[in-house]
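Read the structure below first, then the notes.
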Amino acid sequence: MKTTLVLLAALAFAGCHQAAAPRGPAAKAFGAAIVDVSGEKGVTGAGAALDQPIVSQVNDAQGNGVAGALVEMSGPAGVVFDPPSGLTGPDGQFTSNVRLGSAAGRYLLTATTRDKAGKAFQVSFPEVALDYQQTLGRELNEMYCSRCHNSESTAERVSNHDNLSVPPHAFSDGTALNQYTGPNLVAIISHGGAALGKSAEMPPYSPTLSAGDIDALAAYIRAVADPPYRAPGIF
Ligand code: HEC
């Protein structure tokens, strides 16, 4: 029992948070809550910056932004915040740019503020760092898949999503994508929807893409799944 507790403490220490939060400026005001404004669920390469900064907001008990409250950022070892702490602006918001660590995987980043008595309030931002194979999958997705699987159009690409009779899912939609086992995920990408009794509007990609490319797409889909994919039989 004692050993387990020590081990858990050691794991929590090693895996979760930086040992000491960097000392920020002194708070000029205090809030009663902190909420997530934007920047959660970002996806980038391991060791790379997130496209969007993390924005949190400190509120008072009525839900109004508090200016001058101290926010401190924390995350797993290797994550760099710029700035790591600071005071909220006139709108109660604090913005920090983030570079994820060099290990691929899921990162849980935390913004903390405290009330006058020192009680902590926190909000968490889940982010994903892709390895080399998953990054290739992300690029292939942009080239071949996004126009149907992403319902939003961009300046470079008009979405075809709403023209399809069976709407495909965003690859981050773990509830839908996690239902495909590894072999079925590779099969629907390789052989198309019709091969699995699904919509023929999902084209077969084995004529166009290499087996390595298709594995990379599958790895990317697993990496961004929300909720995360759990391989069957592994607990
Ligand atoms: C022309 C439109 C189109 C393109 C391009 C396309 N898909 Fe699909 N995809 C579909 C449709 C429609 C379905 C829904 C099939 C069903 O459920 O009957 C689908 C389903 C899927 C599924 C099953 C999960 C889901 O979303 O329902 C996967 C996995 C998938 N596609 C992967 C890919 C990959 C990877 C690419 C790019 C290499 C791609 N698709 C490109 C239309 C497309």
If you build a Gaussian network model of the chain, linking Cα atoms that sit under 10 Å apart, which residue out of 224, 123, 43 swings the most? 123
Residues of the stretch 205-228 with amide N under 18 Å of the 7 Å Cα→Cβ point at residue 166: 205-206
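Quick one: what do you get for the stretch 21-130 if you divide its Cα Rg by 2.2 N^0.38 Å? The partial results should precede the final answer.
Values: Rg = 13.5 Å, N = 110, 2.2 N^0.38 = 13.1 Å.
The stretch 21-130 yields a ratio of 1.03.
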What is the fewest-to-most order of 114, 157, 99, 138 by other Cβ atoms lying within 10 Å of their Cβ? 157, 99, 114, 138
Rg(Cα) of the stretch 105-235 divided by 2.2 N^0.38 Å? 1.28
One-quarter of the Cα convex hull surface for the stretch 116-162, in nm²? 6.4
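If you place +1 on the Cβ of every Lys and Arg and -1 on the Cβ of every Asp and Glu, how big does the dipole about the Cα centre of the chain come out, in debye to the nearest 20?
800
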Select from the stretch 131-183 those GluC sites (Glu not before Pro) which occupy a DSSP coil region and have at most 11 other Cβ atoms within 10 Å, ordered by residue number. 152, 156
Where the centroid of each part is defined by its Cα atoms, how far is the stretch 191-235 from the stretch 81-156 in Å? 25
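Given the Cα-Cα distance of residue 120 and residue 211 and 0.36 nm per residue of separation, how much length would full extension add, in nm?
Separation in residues times 0.36 nm, less the Cα-Cα distance, equals 27.8 nm.
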Quick one: Debye curve from the C-alpha atoms of the chain, no solvent, what's log10 I(q)/I(0) at q = 0.14 Å⁻¹? -0.97
Average the reciprocal distances over every distinct pair of alpha-carbons in the stretch 174-235, invert the result, and give the Kirkwood radius in Å. 12.1
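Bear in mind that the values in this text are calculations on the coordinates, not laboratory data. Just so we're clear, the structure is a prediction, and the values are computed from it rather than from any experiment. As a convention, Cβ positions derive from the backbone with ideal geometry for all residues, glycine included, and neighbour counts pool all protein chains shown.
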